[in-house]
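Undergrad: There's a structure below that I have some questions on.
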Amino acid sequence: MHFPSLVVKASGVHAPEQGRIEILENCAIAVDETGTIEQVLHPTHSDHDALIEGAEQRKILHRLDKNDVLIPGLVDLHIHAPQWPQLGKALDAPLEDWLQKYTFPLEAKFADHDYARTIYDDLVRTLLAHGTTTAVYFGSVDFQANVILAEACLRHGQRALVGKVAMDHKGQCPDYYRDASTETALEESRRFVEKISTMRQGSNPLVLPAITPRFIPSCTDELLHGLGALAAQTGCHVQSHCSESDWEVSHVRSRLGKSDTEAFDDFGLLTNRTILAHSNFISEQDMALMAQRGAAVAHCPLSNAYFANAVFPLRKALSHGVDVGLGTDIAGGFSPSIFDTARYALMASRHACCGTAPDRLQSARGSGETPLTTAETFWLATTAGGRALSLPIGLFKPGYAFDAICVRSNTTGSGFRQDPDVDTLTDVFEKLVLTADRSCISDVWVNGKRRT
Ligand code: GUN
Ligand code: FE
């Protein structure tokens, strides 16, 4: 008789829809040998007791403690892997200065592959410890350093998208950090997609390639066009930066006479596998175009606070049907944690919706839109991230990958407390979203395997 490879007995929570959570009290989750969820059984289900008994006999039962809450693994849609060493540094500079003065020199160092190996090993392990089970990475220009990043993800078992950064514009990229030519950028982007394909393990790959033009200013039209053709040929994910700051938006408009979103579409780069970081200055027409193409936004509220001088119009984008998830934007954002990022998204939304200027009447202080709820914030960090990537992750549901984290309450050193005499499971959920941190994460599973 077929039996699952892992059964986890836990109280958990997930967000099947925007704004709606489902509490799974004392459920049994059966996971097959490919890491896919087979069944989620409530204790009253007629098969529940036999499943637990069988799992106990086969020593494949993992029982969570009464203080533990199981949640889907966190999804980070936007990380610059080679910027890890500068987390928290020089964020008072404007974006264009920060890139030229600090970021490009640092990213250029990843042509040293021993350096890349050390930094990427540390980054992947740290993000897993923070509960990021799926990470979407910009690498650097150097081809082999990106292979090293993909290898680190495979070694430590983190689900990831990895992109070789393409940037060939001579006026915008320094001589020491630029693809040697447009042809080289295209050829290495293509070779990187092929390389990741040959690294895949079986039919259920953990690491996928992403076509990665850095942003429109750093790429020539020819390169963007060629990468659009590559996206059409391979069906791969695409990632870039979109309408991030006043400087960037006006640069694109004066060069191409259109918005970033329209330009990406014209280059063939706006697909249902595209993830665009920031997108702060997108118009309602841009939102409609993104929704029509199925492209997603990586909302990066921490770095927006520094580089954007604006708050991403999240409510409006969601109501236009745009897929949105969260990104730390390491190192434009100063935290490696999607919990921190989610809370900052919540605060940014409250400020934008409710207002910032006390000298105005309450009715005129903010956008007047409804701020994010706690349940929506959690949905953004989990389910919505999976949807943005079109991957079966972020929910406890048959057919989805078992990517999950155990969040432990009442450990000394963390603010995540619960009192079973007073708190309902909904109370515990709200406390988790607002207070849990890395110190509460006791176990991390990706694709059914324990990773920390
Ligand atoms: N735009 C182009 N490159 C970058 C980057 O590395 N970080 C951010 N935040 N924006 C960018
Ligand atoms: Fe970024």
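Undergrad: Under 16 Å from a point 7 Å along the Cα-to-Cβ line of Thr198: which residues of segment 219-240 have their amide N that close?
TA: none
Undergrad: Given the peptides 168-179, 39-50, 286-297, arrange them by the average over their residues of other C-beta atoms within 10 Å, most packed first.
TA: 286-297, 168-179, 39-50
Undergrad: Computing the accessible area with a 1.4 Å probe over protein heavy atoms, can you report the carbon and sulfur percentage for segment 1-137?
TA: 47
Undergrad: So what is the 222 nm mean residue ellipticity for the chain from helices alone, if each DSSP H run of at least 4 adds -39500 (n - 2.57) and you divide by all residues, rounding to the nearest 500 deg cm²/dmol?
TA: Computed ellipticity for the chain at 222 nm equals -11000 deg cm²/dmol.
Undergrad: Right, another one. Would you calculate the separation in nanometres between label points at Glu284 and Asp121, each defined as 7 Å from the Cα along the Cα-to-beta-carbon direction?
TA: Calculated label separation equals 5.4 nm.
Undergrad: In addition: For every other residue with a beta carbon closer than 12 angstrom to the beta carbon of Thr452, add +1 if it is Lys or Arg and -1 if Asp or Glu, then tell me the sum.
TA: Local net charge: +4.
Undergrad: I've got another one for you. Rounded to the nearest 10 Å², what accessible area does Leu87 have for a 1.4 Å probe in the complete protein model?
TA: 60
Undergrad: Now a separate question. Let me check something: with ligands and nucleic acids excluded, how do Lys397, Lys449 order by accessible area (1.4 Å probe), largest to smallest?
TA: Output order, biggest surface exposure first: Lys449, Lys397.
Undergrad: With every protein chain kept in the model, how would you rank Lys164, Lys431, Lys89, Lys101 by accessible area, 1.4 Å probe, largest at the top?
TA: Final ranking, largest accessible area leading: Lys101, Lys89, Lys431, Lys164.
Undergrad: Between Asp423 and Glu96, with labels modelled 7 Å along Cα→Cβ, what's the label distance in nm to one decimal, could you check?
TA: The answer from the label model is 4.8 nm.
Undergrad: Return a whole-number percent for the relative contact order of the chain, with Cα pairs under 8 Å and 6 or more residues apart as the contact set.
TA: 20
Undergrad: Over segment 1-132, how many pairs of lysines fall under 15 Å by alpha carbon, counting only those 8 or more apart in sequence or from different chains?
TA: 4
Undergrad: With every protein chain in place, what's the accessible area of Ile441 (1.4 Å probe, Å², nearest 10)?
TA: Ile441 has an accessible surface of roughly 20 Å² with all protein chains in place.
Undergrad: Leaving ligands, DNA and RNA out of it, report the carbon-plus-sulfur percent of the accessible area of segment 208-327 at a 1.4 Å probe.
TA: Solvent-exposed carbon and sulfur of segment 208-327 make up 48 percent of the total.
Undergrad: Okay, next question. Can you pull the one-decimal nm distance between simple spin-label points at Lys258 and Glu369, each 7 Å off the Cα toward Cβ?
TA: With each label point 7 Å from Cα toward Cβ, the separation is 2.4 nm.
Undergrad: Provide the solvent-accessible area of Leu346, counting protein heavy atoms only and rolling a 1.4 Å probe, rounded to the nearest 10 Å².
TA: For Leu346, the solvent-accessible surface is approximately 10 Å².
Undergrad: Please calculate how many Å² of accessible area the chain carries per residue, with a 1.4 Å probe and no DNA, RNA or ligand atoms counted.
TA: I get 39 Å² per residue for this part.
The values are calculated or read from the model by the stated rules, or taken from the named source; none is laboratory data. Computed from a predicted structure; not experimentally measured. For neighbour counting, all protein chains shown are included, and Cβ atoms are generated from backbone atoms with ideal geometry for every residue, glycine included. SASA here: full protein model, heavy atoms, side chains in, ligands and nucleic acids out. Shrake-Rupley method; radii C 1.70, N 1.55, O 1.52, S 1.80 Å.
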